[in-house]
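Working notes, beginning with the structure itself.
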Amino acid sequence: MFAFCFSAQELIDTISSAKESSLYDTDNLPANFFKSRRKALRSLMPKNSIVFVFSAPVRNRSNDVDFEYHQDPNMYYLSGYQEPHGVLVITKDEINVSGENVNELIYVQPHDESDAVWNGKRLGVQGAKNRLEIQSSFPNNEFKTLAVNLDDYDAVYVLKPENDVRNDPFDKSDLYNLMQQLTAKISEDKEDLIDDSKIKQWMAFLREVKTPEELVLMRKAIAITCEAQIELMKALKPTMKEYQAEAIVEYIFKKNGAEYPGFPTIMGSGENSCVLHYVSNRKEMKGSNLLVSDVGAEYHGYTADVSRTIPVDGHFSEQEAIIYNIVYDAQKAGIEASKAGNRFWDPNIAATTVISQRLLKLGIIKNPSELRRYFMHGTSHYLGLDVHDMGTYGELQPNTVITVEPGIYIPEGSPCDPKWWNIGVRIEDDVLITDGYPEVISDCVPKTIEEIEALMKQSSYLSD
Ligand code: GLY
Ligand code: MN
């Protein structure tokens with residue numbers, strides 16, 4: 001006989017949570033990866049120390065609508081847990097919890113039938129045990145009874161959520177309460193035992209150098225982003241709106257399975273090409289404009305970050321070409337300096353030297369101290385779970401991914417010949433530091449003037 005009516009529990013069992021992406025995707029990081037990261041962190045911890053890592057806060061957009069949830073990258077890196085209101089505990093030495101000797105445990109949101117109807121099933125305590133393979137997992141409402149006296153530890157390291165921790169009056173185990181419950185485990189006069197600077201340094205050290213599994217995901221995020229930049233070059237034409245260019249890029253991201261952009265899409269044409277983090281993207285583009293497209297797909301937590309600057313009508317003007325080629329040559333010098341053993345800032349020095357000399361020659365600057373007016377950001381940042389990822393800023397290490405992204409921005413009114421005004425150029429690639437020559441992972445997107453102009457003559461399946 002067919003059952004036409006489902007019990008509440010049966011109904012819930014048929015609802016899969018979108019958050020449990022591992023239900024559908026086959027290329028998620030395995031539990032072993034997260035286990036190896038906890039082990040690596042533990043190896044850096046001193047004797048008799050303990051670490052607490054919290055989930056990211058839920059951020060409210062307005063009224064009863066929250067922003068899409070995004071896990072704190074450190075929580076994700078150490079556990080794979082994707083939900084809010086969780087605490088991960090890692091100890092150097094084993095502790096006895098509920099009769100078991102463990103050195104890691106996680107407190108997670110327990111199943112909640114009524115919440116599941118709206119938001120899908122949570123991972124739950126059992127799911128955390130099975131999927132994340134953390135030694136012990138408990139519902140977060142038991143965190144307050146975790147019998148550790150922090151006064152007994154020589155050091156307590158806490159990765160605190162940065163901001164926006166709201167107290168939900170209907171949830172006694174939300175992040176706000178979990179953080180309060182942590183403080184209750186230590187006497188007031190010992191609160192200075194709690195340290196968050198050391199653990200940030202360790203996380204920077206660990207996250208800077210990528211494992212092979214992470215590099216697979218980064219290559220995927222970068223390949224998707226390259227496809228988006230190439231399709232935009234083919235589809236772009238005068239009178240398009242900046243947001244239509246943004247839509248093309250983000251369509252390619254989603255079509256290829258990227259969960260979101262890793263940062264707000266920057267699509268700045270004409271005067272907006274000179275605004276470094278321009279994100280309103282509302283202007284209608286003119287044929288005479290240059291367009292800075294600075295975009296990155298996020299795939300399973302890892303983000304790409306690739307910029308190209310292209311002429312809206314498919315042809316660089318004489319002045320645009322001159323500025324473009326300076327940035328191009330500066331980037332080449334920056335990439336050449338992106339070698340293991342070099343200092344983090346060496347690509348910046350190499351790129352800055354090229355730009356400074358050439359702008360002096362053109363008379364756009366009169367002395368090198370004026371360079372910051374037209375090139376006001378660093379050439380590189382680390383890339384990974386965050387677009388501006390954590391790192392040590394020491395020597396470049398093999399298997400680190402950095403961006404190399406020099407730029408020149410000459411807004412209207414700048415103290416130089418007006419023929420240069422409103423030219424903004426940024427060229428950005430994602431570069432893998434190796435034992436030998438750096439690998440430009442995003443190299444498949446055309447970059448020379450000739451290559452860009454040739455590609456822009458082709459048509460796109462996304463053109464009207
Ligand atoms: N892609 C934006 C930035 O690097 O700041
Ligand atoms: Mn960047």
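Kindly evaluate residue 434 against the criterion of being out of contact with any His (no Cβ under 6 Å at 6 or more places or on another chain) and either of a type outside the set (D, E, K, R) or within 18 Å of residue 319 (Cβ to Cβ) (or both). So residue 434 passes the test. Among the residues making up segment 270-279, a single one is out of contact with any Phe, Trp or Tyr (no Cβ under 9 Å at 6 or more places or on another chain) and away from ligand 2 (no atom under 15 Å from the Cβ): 270. Within segment 153-166, the residues that satisfy the criterion of being exposed (fewer than 13 other Cβ atoms within 10 Å of the Cβ) and either over 25 Å from the mean Cα position of the chain (by Cα) or without any contact (Cβ under 8 Å) to a residue 60 or more places away in the chain (or both) are 154, 162. For residue 259, the criteria (1) within 16 Å of ligand 1 (Cβ to nearest atom); (2) among the acidic types (Asp, Glu); (3) under 24 Å from residue 208 (Cβ atoms) hold in every case but one, which is (1).
Of all residues in segment 375-385, those satisfying the criterion of being more than 15 Å from residue 209 (Cβ to Cβ) and out of contact with any Ser or Thr (no Cβ under 6 Å at 6 or more places or on another chain) are 375, 376, 377, 378, 379.
Does residue 344 satisfy being within 16 Å of ligand 1 (Cβ to nearest atom) and over 25 Å from residue 278 (Cβ atoms)? When the stated conditions are applied, residue 344 passes them.
Here 241, 200 are screened, and the one residue that is modelled with pLDDT of 95 or more and under 19 Å from residue 456 (Cα atoms) is 241.
Considering 413, 407, the condition of being within 28 Å of residue 271 (Cβ to Cβ) and either aromatic (Phe, Trp, Tyr) or surrounded by 17 or more Cβ atoms within 10 Å (Cβ to Cβ) (or both) is satisfied by 407 alone. Those strands (runs of 3 or more DSSP E) of segment 12-124 in which 3 or more residues are crowded, with 17+ Cβ neighbours inside 10 Å, among the small types (Gly, Ala, Ser) and under 24 Å from the mean Cα position of the chain (by Cα) are absent. Consider residue 172 carefully, then state whether it is out of contact with any Asp or Glu (no Cβ under 7 Å at 6 or more places or on another chain), among the basic types (Lys, Arg), within 20 Å of residue 41 (Cα to Cα) and surrounded by fewer than 18 Cβ atoms within 10 Å (Cβ to Cβ). Here the answer is no, as residue 172 does not meet what is asked. Elements of the type helices (runs of 4 or more DSSP H) sitting completely within segment 183-256 and holding at least 2 residues that are among the acidic types (Asp, Glu): these cover 212-235, 242-255. Contact map, segment 51-69: residues that are within 14 Å of residue 176 (Cα to Cα) paired with residues that are assigned to a loop (DSSP other than H, G, I, E, B) and among the small types (Gly, Ala, Ser), Cβ distance under 9 Å, separation 6+ or inter-chain. Pairs shown: 53/86; 54/86; 55/86.
Checking each residue in segment 76-100 for being among the acidic types (Asp, Glu), within 20 Å of residue 157 (Cα to Cα) and in contact (Cβ under 8 Å) with a residue 24 or more places away in the chain picks out only 93. The one condition from (1) in a loop (DSSP other than H, G, I, E, B); (2) touching a residue at least 60 places away in the same chain (Cβ under 8 Å); (3) away from ligand 2 (no atom under 16 Å from the Cβ); (4) more than 21 Å from residue 211 (Cβ to Cβ) that residue 464 does not meet is (2). Taking segment 290-333 as the range and being polar (S, T, N, Q) and free of Cβ contacts under 8 Å to residues at least 40 places away in the same chain as the test, only 317 passes.
Residues of segment 370-399 that are in contact with a Phe, Trp or Tyr (Cβ under 7 Å, 6 or more places away or on another chain), over 18 Å from residue 322 (Cα atoms) and more than 15 Å from ligand 1 (Cβ to nearest atom): 392, 393, 394, 396.
Every test in (1) crowded, with 21+ Cβ neighbours inside 10 Å; (2) in contact with a Gly (Cβ under 7 Å, 6 or more places away or on another chain) is passed by residue 204 save one, and that test is (1). Of the residues making up segment 76-88, those that are in contact with a strand residue (DSSP E or B) (Cβ under 9 Å, 6 or more places away or on another chain) and under 17 Å from residue 124 (Cβ atoms) number 7.
Here residue 222 meets the list (1) closer than 22 Å to residue 69 by Cβ; (2) surrounded by 19 or more Cβ atoms within 10 Å (Cβ to Cβ); (3) within 16 Å of ligand 2 (Cβ to nearest atom); (4) not basic (Lys, Arg) almost entirely, failing just condition (1).
Applying a threshold of 8 Å to beta carbon distances and a minimum spacing of six or more residues, or different chains, the list of pairs starting in segment 383-404 at a residue that is more than 16 Å from residue 439 (Cβ to Cβ) and polar (S, T, N, Q) and ending at one that is within 16 Å of ligand 1 (Cβ to nearest atom) and not in a loop (DSSP other than H, G, I, E, B) is empty.
Among the residues of segment 416-429, those that are in contact (Cβ under 8 Å) with a residue 60 or more places away in the chain and surrounded by 16 or more Cβ atoms within 10 Å (Cβ to Cβ) comprise 420, 422, 423, 424, 425, 426, 427, 428, 429.
The values are calculated or read from the model by the stated rules, or taken from the named source; none is laboratory data. Values in this document were obtained by computation on a predicted structure and should not be read as measured data. Neighbour counts run over all protein chains shown; Cβ positions are idealised from the backbone, glycine included.
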